[in-house]
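K.L.:
Handing you a structure now.
Just so you know, all these numbers are worked out from the coordinates, no wet-lab data involved. The structure presented is a predicted model; accordingly, all values stated were derived computationally and were not measured. Methodologically, a virtual Cβ is constructed for each residue, glycine included, from the backbone with ideal geometry; neighbour enumeration extends over all protein chains shown.
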Amino acid sequence: MADRASLPPGGSTGGGIASAVPDEAVPNEQEVAMAWRAARSLLVLHQQLQAGAPRARPPATGVDEWGLIGDAAHDPTSDHTPHDFPGWGRDIVTAADFPNRPDLGLDAHRVLDDIRRSRDGRVKYGISNGQMFSSYGVRGYDAWTWRPYSPKNGDKHFTHGHLSVVGDARADGTQPWQTIGAGVVADEEEDEMGASFGPINIELEGFTSLTIPPVNGGAADPRPAWLNFCNDTGSQIYGLRIWYTRGDGSWSPLPFTDANGLIAIRSGQRVTIGLPDGTGGLSISRKAIDADGRVVDPTDELKAYGGHLTCAIERGPVSR
Ligand SMILES: [Zn+2]
């Protein structure tokens, strides 16, 4: 929200004004910085450490102690700085910090030692308590062994642990890390895989308009999604008109329906329709069924099914 205030006057609505002052239309640093994302394995690490050491969650620890992206003053070569990785993605942060608070159940060195011993293929290196290890050997030290760490800036990482992950798609793996909280995260992931919202009432009149998280669209949470129907209408067949939008202001019939977005569904029949990538909105309205079984607009004589009708949206696991 803060960056909104820095847009040029009328920049978000008045295109003419924005183009008249091109210099001001250049995105500011904050907007540029918003494009980054973290390797997903690092989000899993934070999630599971907070699950495994609940006393160490913010606000007992500072949110800034759970750092991903570096501040402007940060070394541009740091893994906390977003980098482009050809073949994987752009503007990705591949390092996470977490507090070292044994008094709150979060011993950063133990966590990193667990990860070191697991030889997880996502690891690049870890640092804590004046020591570091890496998944590759360096002169005098084998891979996966601790070695002394004393950087020029003097930060030997006694207050926090640091984990860097590899710069390729393996780092998006969301399997739990072999340390505290692994079981908790695994359980939560199973729940998430079944995550759905609904049932959602389909109104008798007008359009039932549904805003949904963009299908396979979010940087941090890209998931496939399906629209489900399964209603008890006695012996009646019910008709629906279902259109979708990717948020660009245009609507299209949902795949699996006809060219006008119409579909007829029997009582107790489950219909599951995969939502196109990018879908951010759905519009559903009730239609009538004529004597030939066709889906038609309701009239005074031929009414839409008048009883209770619902749908539900199912979201799949995060796409890797
Ligand atoms: Zn760090």
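K.L.:
Please give me, ordered by residue number, the trypsin sites (Lys or Arg not before Pro) of region 231-276 that lie in loop per DSSP and have at most 10 other Cβ atoms within 10 Å. Show your work: numbers first, answer last.
P.N.:
Working: sites: Arg241, Arg246, Arg266, Arg270; in loops: Arg246, Arg266, Arg270.
Sites meeting the loop and neighbour criteria: Arg270.
K.L.:
Among Glu65, Glu301, Glu205, Glu314, rank each residue by its count of other Cβ atoms within 10 Å, from fewest to most, as a rough exposure measure.
P.N.:
Values: Glu65 15, Glu301 6, Glu205 9, Glu314 19.
The order, fewest Cβ neighbours first, is Glu301, Glu205, Glu65, Glu314.
K.L.:
Long-range amide H contacts for Thr279: which residues qualify at under 5 Å (H placed 1.01 Å from N, peptide plane, sequence gap of 5 or more or a different chain)?
P.N.:
Close amide H contacts, sequence-distant or interchain: Val215.
K.L.:
A further question on this structure: Would you pull out the residues with amide H under 5 Å of Gln131's amide H, same chain only if 5 or more places away, H placed 1.01 Å from N?
P.N.:
Hits under the 5 Å cutoff: Tyr149.
K.L.:
Kindly list the residues of region 234-263 that lie in the label zone of Val296, defined by a backbone N under 12 Å from the point 7 Å along the Cα-to-C-beta vector.
P.N.:
Taking a point 7 Å out along Cα→Cβ of Val296, no residue of region 234-263 has its backbone N under 12 Å.
K.L.:
Next question, about the same structure. Shape of region 66-176 from its Cα gyration tensor (a ≥ b ≥ c, root eigenvalues): rounded if a/c is under 1.5, otherwise prolate when a/b > b/c, or oblate?
P.N.:
It is rounded, given that a/c, with a ≥ b ≥ c, falls under 1.5.
K.L.:
Need one word for region 194-315: rounded, prolate or oblate. Basis is the Cα gyration tensor (sqrt eigenvalues a ≥ b ≥ c); a/c below 1.5 gives rounded, then a/b vs b/c decides.
P.N.:
Cα axes put region 194-315 in the prolate bin.
K.L.:
Between Cys230 and Asp168, what is the label-point separation in nm under the 7 Å Cα-to-beta-carbon projection?
P.N.:
Taking the simple label geometry, Asp168 and Cys230 are separated by 4.1 nm.
K.L.:
Treat every Asp and Glu Cβ in region 45-194 as -1 and every Lys and Arg Cβ as +1, leave all other atoms uncharged, and give the resulting dipole magnitude about the Cα centre to the nearest 20 debye. List each step's numbers first, then the result.
P.N.:
Numbers: 15 positive and 23 negative charges, 159 e Å.
In debye, rounded to 20, region 45-194 gives about 760.
K.L.:
I would also like to ask the following. Any chance you could run the full-extension gain for Gln178 through His83? It's 0.36 nm times the residue separation minus the Cα-Cα distance, nm to one decimal.
P.N.:
Full extension from Gln178 to His83 adds 31.5 nm.
K.L.:
By a straight-distance test (C-alpha under 18 Å), which lysines pair with Lys287 as possible cross-link partners, with residues fewer than eight away in the same chain excluded?
P.N.:
Reachable lysines: Lys303.
K.L.:
So which chymotrypsin sites (Phe, Trp or Tyr not before Pro) in region 238-320 pass both tests, a DSSP loop state and at most 13 other Cβ atoms within 10 Å of the Cβ?
P.N.:
Taking region 238-320 and a limit of 13 other Cβ atoms within 10 Å, the loop chymotrypsin sites (Phe, Trp or Tyr not before Pro) found are Phe256.
K.L.:
For His160, what charge total do you get from the other residues with a beta carbon under 13 Å from its beta carbon, if Lys and Arg give +1 and Asp and Glu give -1?
P.N.:
-3
K.L.:
Please name which of His160, Thr179, Ser41 has its Cα lying farthest along the dipole of region 35-188 towards the positive end, using unit charges on Cβ (Lys, Arg +1; Asp, Glu -1) and the Cα centre as origin.
P.N.:
Among His160, Thr179, Ser41, the one farthest towards the positive end of the dipole of region 35-188 is Thr179.
K.L.:
Let me ask something else. With both bridge residues required to lie in region 35-188, what share of the DSSP beta bridges run antiparallel, to the nearest 5%?
P.N.:
90
K.L.:
Next question, about the same structure. From the backbone phi of region 235-240, what are the Karplus-calculated ³J(HN,Hα) couplings (6.51 cos²θ - 1.76 cosθ + 1.60, θ = phi - 60°) in whole Hz, Gly and Pro given as x?
P.N.:
Result, ordered by residue: 9, 7, 8, 10, x, 9 Hz.
K.L.:
Could you please state, rounded to a whole Å, how far the C-alpha centre of region 105-119 is from the C-alpha centre of region 225-277?
P.N.:
Region 105-119 and region 225-277 have Cα centres spaced 49 Å from each other.
K.L.:
Please give every one of the lysines within straight-line cross-link reach of Lys124, meaning a C-alpha to C-alpha distance under 30 Å, and leave out same-chain neighbours fewer than 8 residues apart.
P.N.:
Reachable lysines: Lys152, Lys156.
K.L.:
Sticking with this structure for a sec: Which Cα, out of Val215, Thr233, Ser283, lies furthest along the positive dipole direction of region 194-315 (beta carbon charges, K/R +1, D/E -1)?
P.N.:
Final value for the positive-end residue is Val215.
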